[in-house]
Amino acid sequence: MKKLNLILAAMFFALAASAYAQKADAPKAATAASATKEMPKDTKAELIDINSADEKTLMTLKGIGDATAKKIIKSRPYSGKDDLLKKAVVSEKVYTDIKDEIIAKQKK
């Protein structure tokens with residue numbers, strides 16, 4: 001009986017340690033997930049072009065809903081991504097949230 005109690009106690013501590021380890025890793029996982037949201041500046045191939053993206057693609061950006069996506073499309077062309085602010089298409093907060101994920105490519 002003592003042996004069974006020791007085995008059960010060891011299993012309990014192993015489970016508790018595992019749960020604690022997962023809990024301790026949770027903030028790191030959230031940080032890694034948010035880090036993927038912020039695109040490095042050298043990843044221009046993945047940037048969304050506000051001069052050519054369709055409504056569905058624009059709506060993947062934080063703070064951009066159906067109406068704002070339509071407004072972005074209607075206000076084209078943009079000479080730079082900051083035109084979204086200059087033309088009052090999006091708020092400063094929304095622009096701050098998306099500026100690292102967009103680009104305004106120019107026609108050649």
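Values in this text are rule-based calculations from the coordinates and carry no lab data. Here the structure is a predicted model, which is why all the values come from computation and not from measurement.
The H on the amide N of I48, modeled in the peptide plane, is under 5 Å from the matching H of I102, I103, each at least 5 residues off or on a different chain.
The overall shape of the range 44-103, judged from the alpha-carbon gyration tensor, is rounded, with an a/c ratio under 1.5.
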